[in-house]
Amino acid sequence: MRLIVADDEAGMSRTAADLFCEAVAAKPSSSVLVATGNTPMGMYAEIAARQAVGQCDCGQLRAIQLDEYLGIPAGDRRSLYGWMRRSFIDPLGIPDAQVMRLAGDAADPDAACAAFTTAIRAAGGIDISVLGLGPNGHLGFNEPPSAADAPTRVITLTEASIESNAVYWGSRDDVPRRAMTVGMDVLLAARLTIVVVSGERKREILQRMMSGPVSPDVPASLLQTADNVVVVADRAAAGELASTSAAGVRR
Ligand code: GLP
């Protein structure tokens, strides 16, 4: 796992966009797992700005949703699908046929998760995984504890996540209690993982992800066992941690 420390959030977004666009140049038809949350928003805006001046062509990408609240229709602004559309799919002009939506409103959510697993496999797995870091160490909605072989599934949100997601919903009472997430098994098999981490409130969990014990209790720590993971953090999140060398990371 490599760490790149940027001076500030804007620098984090630019560096993460550099990594992303390099990977897209190497494989324009990459399958991309797309996190929502606030942290990757600057990165996505940066990628769109580069595409507008011909520097990063995203038109062939396949965009794959990472997580979703249960029972929220696709058209609801608060759905993570809606957020992914507004921040990534629409600005980059990715055609609908290349979008894989995780249907939180499916009549049979377990069957929808199984079908998503099959579809990701049929797409050849994940080329580029863009992830944020939950304050409790979750990735997507792989809540603690999540083992390395945890599949794509329906989960119940922990109190910590209900609390941290309340900002997206207005109040904690409005936050759905259940969600779907792409599983740890898929995340750990991605060919390139870019984790963006910003702000002082993520400092302690970033340390635990990078150098704490590898444990299902901190699902993000399992990335220590995965190939080709680059963590891009701003100084506020990194604290005393310094950038590490590129050894072991294919660019
Ligand atoms: C949310 C989402 C994650 C996201 C994380 C961090 O609960 N389920 O996909 O990466 O928490 O969010 P933020 O970037 O807003 O801190």
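Quick notes
- Subset of the stretch 111-128 (residues that are more than 16 Å from the ligand (Cβ to nearest atom) and among the β-branched types (Val, Ile, Thr)): Thr117, Thr118, Ile120
For (1) closer than 27 Å to Pro28 by Cβ; (2) assigned to a loop (DSSP other than H, G, I, E, B); (3) out of contact with any Lys or Arg (no Cβ under 8 Å at 6 or more places or on another chain), each residue gets a yes or a no:
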| site | (1), (2), (3) |
| --- | --- |
| Ala45 | yes, no, yes |
| Arg50 | yes, no, yes |
| Cys56 | yes, yes, no |
| Gly59 | yes, yes, yes |
| Pro73 | no, yes, yes |
| Arg78 | no, yes, yes |
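- For the stretch 129-154, the set of residues classified as β-branched (Val, Ile, Thr) and either more than 10 Å from the ligand (Cβ to nearest atom) or surrounded by fewer than 18 Cβ atoms within 10 Å (Cβ to Cβ) (or both) consists of Thr152, Val154, listed by residue number.
- Top-ranked residue of the stretch 77-94 - restricted to ones that are over 24 Å from Asp174 (Cα atoms) and touching a residue at least 24 places away in the same chain (Cβ under 8 Å), ranked as surrounded by the most Cβ atoms within 10 Å (Cβ to Cβ): Phe88
- Hits in the stretch 95-125 (condition: within 13 Å of Met180 (Cβ to Cβ), open to solvent by 40 Å² or more (accessible area, probe 1.4 Å) and part of a helix (DSSP H, G or I)): Asp110, Ala111, Ala114, Ala115
- Residue count for the stretch 60-74, restricted to those that are away from the ligand (no atom under 16 Å from the Cβ) and either modelled with pLDDT of 95 or more or open to solvent by less than 10 Å² (accessible area, probe 1.4 Å) (or both): 3
The values are calculated or read from the model by the stated rules, or taken from the named source; none is laboratory data. Small disclaimer: the values here were computed from a predicted structure and weren't measured. Positions of Cβ are generated from backbone atoms using ideal geometry, with glycine treated the same way; all protein chains shown enter the neighbour counts. These accessible areas exclude ligands, DNA and RNA; they are computed on the full protein's heavy atoms, side chains included. Shrake-Rupley method; radii C 1.70, N 1.55, O 1.52, S 1.80 Å.
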